[in-house]
Structure formats: C-alpha cells, structure tokens
1. Considering only helices (runs of 4 or more DSSP H) fully contained in segment 1-118, which possess at least 3 residues that are away from ligand 1 (no atom under 16 Å from the Cβ) and modelled with pLDDT of 95 or more?
2. Out of 265, 188, I need the residue that is part of a helix (DSSP H, G or I), of a type in the set (Gly, Ala, Ser) and at pLDDT below 95. Which one?
3. Applying the selection to segment 25-34, what residues are in contact (Cβ under 8 Å) with a residue 60 or more places away in the chain and over 22 Å from residue 74 (Cβ atoms)?
4. Six or more apart or on different chains, Cβ atoms under 6 Å: show the pairs whose first residue is in segment 138-159 and within 30 Å of residue 202 (Cβ to Cβ) and whose second is of a type in the set (Asp, Glu).
5. Consider residue 127 against the criteria (1) away from ligand 1 (no atom under 16 Å from the Cβ); (2) at pLDDT below 95: it satisfies all of them except one. Which criterion is unmet?
6. Working carefully through the options 90, 6, find the one that is within 23 Å of residue 205 (Cα to Cα) and in contact with a Phe, Trp or Tyr (Cβ under 9 Å, 6 or more places away or on another chain).
7. Tell me, which residue of segment 163-197 that is free of Cβ contacts under 8 Å to residues at least 40 places away in the same chain and out of contact with any helix residue (DSSP H, G or I) (no Cβ under 6 Å at 6 or more places or on another chain) is surrounded by the fewest Cβ atoms within 10 Å (Cβ to Cβ)?
8. Give all pairs with beta carbons closer than 8 Å in which a residue from segment 94-112 that is touching a residue at least 60 places away in the same chain (Cβ under 8 Å) meets a residue that is within 12 Å of ligand 2 (Cβ to nearest atom) and among the hydroxyl-bearing types (Ser, Thr, Tyr); count only pairs at least 6 apart in sequence or on separate chains.
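The values are calculated or read from the model by the stated rules, or taken from the named source; none is laboratory data. Small disclaimer: the values here were computed from a predicted structure and weren't measured. Note that each Cβ is placed from the backbone with ideal geometry, even for glycine, and that neighbours are counted across all protein chains shown.
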Amino acid sequence: MPPTTRFAPSPTGKLHLGHAASAIRAHDFARSQSGRFLLRIEDIDPGRSRPEHVATILADLAWLGLSWDGPVLHQSTRLPVYAAALDQLRAAKLLYPCTCTRAEIAAEIAASASAPHGPAAIYPGTCRRRAPDPTRVAAWRLDMAAATARAGPLDWHDATAGPVRATPEQHGDVVLARRDAPASYHLAVTLDDAQQGVTDIVRGVDLFEATHVHRLLQALLRLPVPRYHHHPLMLGPDGRRLAKRDGAPAIADLRSAGQDGPALAAELHAAIALSAPAATLCPLAPRPAGTISP
Ligand code: GLU
Ligand code: ZN
C-alpha cells in the first residue's frame, strides 16, 4: 500500500529552514511511492498559537512547491475526539487530576532526596497520592505505572534506529489534558495520526523520545501503529542545531525578500538526499535578519 505521511506544524511562529526540510522529507517520502502527503495544523495551544501564522505557513509551503492532499486538518476542530479519548482513559482508571503548579512540582522534586534532579526530572506523582482538590482547575495525568502494566511490552519500528522497545515510564505521569488546553501534544498527535491514516511519521529526531509515549497511547486506545522515520535536524555552519536565535532565516522572510522558492526547495531536496545519517547541513548559512539579499 502506498504510504501516507504528514507535516504537522504548530502555528506558534514562522517556519524556518529546518521545518521546510522536514516538510520536504515527508512530502518526498510519500510522493516518491505514489503516496499521500497531508497537512495538519497543531493549533490547540491557546497561549502560543496565532491564526496569522497559519496563513503564513500555507503560503510558505506553496512557495516551496509542496502540495498536500485533501483539506488541512486543524486540531482545534477535533476537541470532541480528544475529550472522548480522555473519557475512555478515565473510565479505565488510567488518569488522575493534577492541580500542581510548576513551582509546586519543582519544590517537590527539590525536597525529595531520591528523586532525579535536572531537566530530566519527572513529575513526582504528588496528586496520584492525594484526594483531588475540587476548587482548583486540574490537568489530567496518565498513571504511567498502571498504563504500562495494562499495555505490556511495546515496540515500534524506526527507520533510523531500527526496532525500538518503548520505555514510556522514563517520562513519568505525563499530562494528557492541560489545565489551559483540552489535550496535550501527546494525545492529540497520536489520535490525529490514526484518524488521518498516517502510515509513516517523518519528523525530526527531537521528537524521538516523545514516541515512547505515543506508542503507549496507541496501545491503550487501540490505534494502528505507524512506522517512524526520525530524521536528523538541520545544522547551521557552526554544527549546532539551526535555531531562530542564531539568525536562521524564516521561510516567510526569504519569500518576501524575493528569493526563488522552487530553487530553495531544490537545494533542500539535494541537501537531504546527500545528508549523512548524523546531520543535515543547512544549504544557506544563517544570516542575521536584514542582511538577506534577494
Ligand atoms: N507540531 C509539532 C511541532 O511543530 C510536530 C508534531 C509531530 O511531528 O509529531 O513541533
Ligand atoms: Zn499534581
């Protein structure tokens, strides 16, 4: 069966070259096998999503010569589906409400001598062990121990890493419904990839670790398991990950500066095709804003 891939940007800012390269990879993977390439706008973060970025993203992709199949799926239209999945997990006693603030979680982790410290520290499970406080708005967390016990051992196939044993427990009790948003990234992305019939997830290796959680949710919600292709991130000339802070040009800025979209896309296709497994070098050196010549 021909593959279905997707590009799933969050409209929280402008696309840069790394996003464009990722979109081109997903597009080329599908199109080279007569498959489908879909577009999904991940717009359920009320604090960071902006409608004006959606229009810019669509214009950027068209400028790069990418076309997608069918209508664009906006996650903001899928809230009842996310709510139903949360109900299902709640009924299975796999979710609990959490009213902790970030500061409370940090204090709890710091106070616990045995808990791991640093950025990898996971939620200490405070609310799992106490009665819910009905006066505070709650997020909903997955009871990871119960969920992994229910699901049993899980694997996925990764084109880059090979067969991977899922270890979602490393993430602890992840949030599936945020206090300020109806679903977390993990829940929405897993449900949407299944609903859209995505067979091959082509995305940056920065999302590799999240796949452990996605694989678990697929098992709990009885969803099909796609193949994964976690590709290397685009690096700047200094060998570091391309980022806006280093002046990585936004696609929209290149577009309005009069650059040739199909030519840039051709450079990206070539850079991707030549890339070593470890890295993709940016074909355009990042330049500070304002110095881009047409
Ligand atoms: N919306 C996510 C992002 O822009 C990508 C989701 C995914 O590819 O799984 O980082
Ligand atoms: Zn809590």
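1. Passing ranges, in order: 51-63, 79-91.
2. Every option except 265 fails the conditions.
3. 25, 28, 29
4. Within 6 Å, the pairs are 141/173; 142/173; 144/169; 144/173; 148/169.
5. That leaves (2) as the condition not met.
6. None of the other options fit; the residue is 6.
7. 163
8. So the pair list comes out as 98/123; 98/126.
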